[in-house]
Amino acid sequence: MRRVGWLLLAAAIGCGAGQATAAVLDASVRSPAGAPVEDAAVVLEPLAGPAPRPRAPARIEQVDREFVPYLSIVQVGTPVQFPNRDRLKHHVYSFSPAKTFEIKLYVGQPAKPVVFDKPGEVVLGCNIHDWMVAHVLVVDTPWFGKTDASGRVRLDGVPAGRYRVRVWHPRQQGAVAAQTVTLGAAPVRAAFGLDVAPAPPRFKPPADPEGY
């Protein structure tokens, strides 16, 4: 019984230590005029130690002749599925240096995912529907998120330590200086100013009888 008691105590201490090392970053991104910036990527890069391996595969869907979501953030090495939820065919491609690929005309789900194996920015398009555009930011860390309509994002469950915080948006105008933060038991707040160009005008015609 004494041995069992010590084991339970050790387990409790271990759990407490694990919880103590979990840190939180609350980030906000706003325009120079103070408006919230949605769909800004907030990325935590550890300043010491290797980053864990990629998590579960990601998905970028085609729904109602649009890419969903508009911005995806994935870790290097992550396989990404491109399910087509529409009844018509799409032809997904990218000419970006970080990942060049194409999935020719298809419906449903392609047989193989696309593995994003280099860090960088990737622009997606559809060879059939010119207005369809989406973006993928490939990063070498598993700790990231994107801002909501209020311009905020909360990253939790992050190991305590020192990190470089970067922000990025597909339509940003000019680079933004990174910040260095030390994460520990108390949540840390970080605020960024980001000048983002308005979404360009685009023409999406009504679907024809064949769904185009």
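The values are calculated or read from the model by the stated rules, or taken from the named source; none is laboratory data. This structure is a prediction, so every number in the text was calculated from the model and none was measured. We place every Cβ from the backbone using ideal geometry, glycine too, and count neighbours over all the protein chains shown. Please note that ligands, DNA and RNA were not included when accessible areas were found on the heavy atoms of the full protein model with its side chains. Shrake-Rupley method; radii C 1.70, N 1.55, O 1.52, S 1.80 Å.
For segment 41-151, the Kirkwood hydrodynamic radius from C-alpha pairs, put into Stokes-Einstein at 25 °C and a viscosity of 0.890 mPa s, yields a diffusion coefficient of 168 µm² per second. Calculated FRET efficiency, residue 53 and residue 149, Cβ-Cβ r, R0 41 Å, to nearest 0.05? Calculated value: 0.80.
Please compute, over every Cα-Cα pair in segment 100-208, the percentage with a separation greater than 17 angstrom.
Working: 4053 of 5886 pairs.
That tail contains 69 percent of the Cα-Cα pairs.
Placing R0 at 35 angstrom, the Cβ-Cβ distance between residue 204 and residue 24 gives a FRET efficiency of 0.35 after rounding to 0.05.
Residue separation of residue 104 and residue 81 scaled by 0.36 nm, minus their Cα-Cα distance, works out to 6.9 nm of gained length.
One way to sum up the overall shape of the chain is the equivalent ellipsoid from its Cα gyration tensor, whose semi-axes run 37, 23, 15 Å, largest first. The slack in the chain from residue 128 to residue 95, taken as 0.36 nm per residue of separation less the alpha-carbon distance, amounts to 10.3 nm. With the simple spin-label model, which puts each label point 7 Å out from Cα in the Cβ direction, the residue 178 to residue 118 separation comes to 2.0 nm. Subtracting the Cα-Cα distance of residue 64 and residue 195 from 0.36 nm times their residue separation leaves 44.2 nm of extension gain. Placing 135, 169 in order of accessible area, with the largest value first and a 1.4 Å probe, yields 135, 169.
May I ask you to give the percent of accessible area on the chain that is carbon plus sulfur, with a probe radius of 1.4 Å?
Numbers: 6870 of 12020 Å².
Looking at the chain in its full context, I get 57 percent from C and S.
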